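Have a look at the structure below before the remarks.
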Amino acid sequence: RKEVEQDPGPFNVPEGATVAFNCTYSNSASQSFFWYRQDCRKEPKLLMSVYSSGNEDGRFTAQLNRASQYISLLIRDSKLSDSATYLCVVNIPGNQFYFGTGTSLTVIP
Amino acid sequence: GAVVSQHPSRVICKSGTSVKIECRSLDFQATTMFWYRQFPKQSLMLMATSNEGSKATYEQGVEKDKFLINHASLTLSTLTVTSAHPEDSSFYICSARERAGSQNTQYFGPGTRLTVL
């Protein structure tokens, strides 16, 4: 079983739409959670960390559900520039970072 | 956020040559750095974990004698692809872990695109 699983998509949404991605993780010892964004042929860039109480950064909201072992990312009022692949990343203390395969988002004019 | 640099950004070489890629954390000390490889339209694949002053830990299926990793200081790790072959052509990305409070955050270098002819 994979450590981190994501729906690869693709998600094609119109500009202004709200879109949500989910990611599940298998190891209950996971402690740190992140969403990264990767543009085509570029390196992943940290979008936001995910905190237990949930956190928001502008149009982006991240949530963590430890009981069900999933994290989510909500993007409101989608912009064309949001088109990218969104990677879910989980870290177990003292261990490596585990990546999901990424969810592809295309925002359509 | 923290900055990680990688050099070179792009390299084209002949089959059989060795290529060295440098990864530097510019504004923080990274006791752990990671090396990834990414083929087109695929996910990042961890190759090895590099700890300063000790031998790297390689993932299953990654040949340690082919992909030499040296983590000489708290800000520098190098990956050498020895006797490169066309199938080694890929996007190689390093990352460095910054510990900040209770969060471990990983920052990526810009990647090195290797093409082996």
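The values are calculated or read from the model by the stated rules, or taken from the named source; none is laboratory data. The shown structure was predicted, so the numbers you read here are calculated from the model rather than taken from an experiment. Heads up, the Cβs are rebuilt from the backbone with ideal geometry, glycines too, and the neighbour counts pull from every protein chain shown. Just the protein is used for accessible areas: all its heavy atoms, side chains included, with ligands, DNA and RNA removed. Shrake-Rupley method; radii C 1.70, N 1.55, O 1.52, S 1.80 Å.
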Item to check | Residue that is farthest from B:Gln6 (Cα to Cα), among those in the stretch B:81-117 that are open to solvent by 30 Å² or more (accessible area, probe 1.4 Å), part of a strand (DSSP E or B) and among the hydroxyl-bearing types (Ser, Thr, Tyr) | outcome: B:Thr115
Checklist outcome for this item: Taking the stretch B:48-64 and keeping residues over 15 Å from A:Gly94 (Cα atoms) and not hydrophobic (A, V, I, L, M, F, W, C) leaves B:Gly53, B:Ser54, B:Lys55, B:Tyr58, B:Glu59, B:Gln60, B:Gly61, B:Glu63, B:Lys64
Checklist outcome for this item: All conditions in (1) small (Gly, Ala, Ser); (2) farther than 29 Å from B:Ser9 by Cβ; (3) more than 14 Å from every other protein chain (Cβ to nearest Cβ) are true of A:Ser52 except (3)
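I'd like to verify a number: residues in the stretch A:40-80 that are polar (S, T, N, Q) and either in contact (Cβ under 8 Å) with a residue 24 or more places away in the chain or assigned to a loop (DSSP other than H, G, I, E, B) (or both), how many?
So in the stretch A:40-80, the residues polar (S, T, N, Q) come out as A:49, A:52-53, A:55, A:61, A:63, A:65, A:68-69, A:72, A:78.
This time we only want the ones that are either in contact (Cβ under 8 Å) with a residue 24 or more places away in the chain or assigned to a loop (DSSP other than H, G, I, E, B) (or both), so: A:52-53, A:68-69, A:72, A:78.
Selection size over the stretch A:40-80: 6.
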Next on the checklist: Can you report the number of residues in the stretch A:69-102 which are open to solvent by less than 60 Å² (accessible area, probe 1.4 Å), in contact with a Phe, Trp or Tyr (Cβ under 8 Å, 6 or more places away or on another chain) and not hydrophobic (A, V, I, L, M, F, W, C)?
Outcome noted: 7
Next on the checklist: Against the conditions (1) under 18 Å from B:Leu26 (Cβ atoms); (2) without any contact (Cβ under 8 Å) to a residue 60 or more places away in the chain, where does B:Ser54 fall short? Just the number, please.
Outcome noted: (1)
Checklist entry - Somewhere in the stretch B:47-61, is a residue within 14 Å of chain A (Cβ to nearest Cβ), within 21 Å of A:Leu46 (Cα to Cα) and part of a loop (DSSP other than H, G, I, E, B)? => result no
Next on the checklist: Can you pull out every residue in the stretch B:1-60 that is among the charged types (D, E, K, R) and at positive phi?
Outcome noted: B:Lys41
Item to check | Residues of the stretch B:11-41 satisfying the condition of being surrounded by fewer than 18 Cβ atoms within 10 Å (Cβ to Cβ), closer than 17 Å to B:Thr80 by Cβ and either more than 14 Å from the chain's Cα centre (by Cα) or in contact (Cβ under 8 Å) with a residue 60 or more places away in the chain (or both) | outcome: B:Ile12, B:Cys13, B:Lys14, B:Ser15, B:Gly16, B:Thr17, B:Ser18, B:Lys20
Checklist outcome for this item: Taking the stretch A:11-42 and keeping residues closer than 15 Å to A:Gln69 by Cα and of a type in the set (A, V, I, L, M) leaves A:Ala29
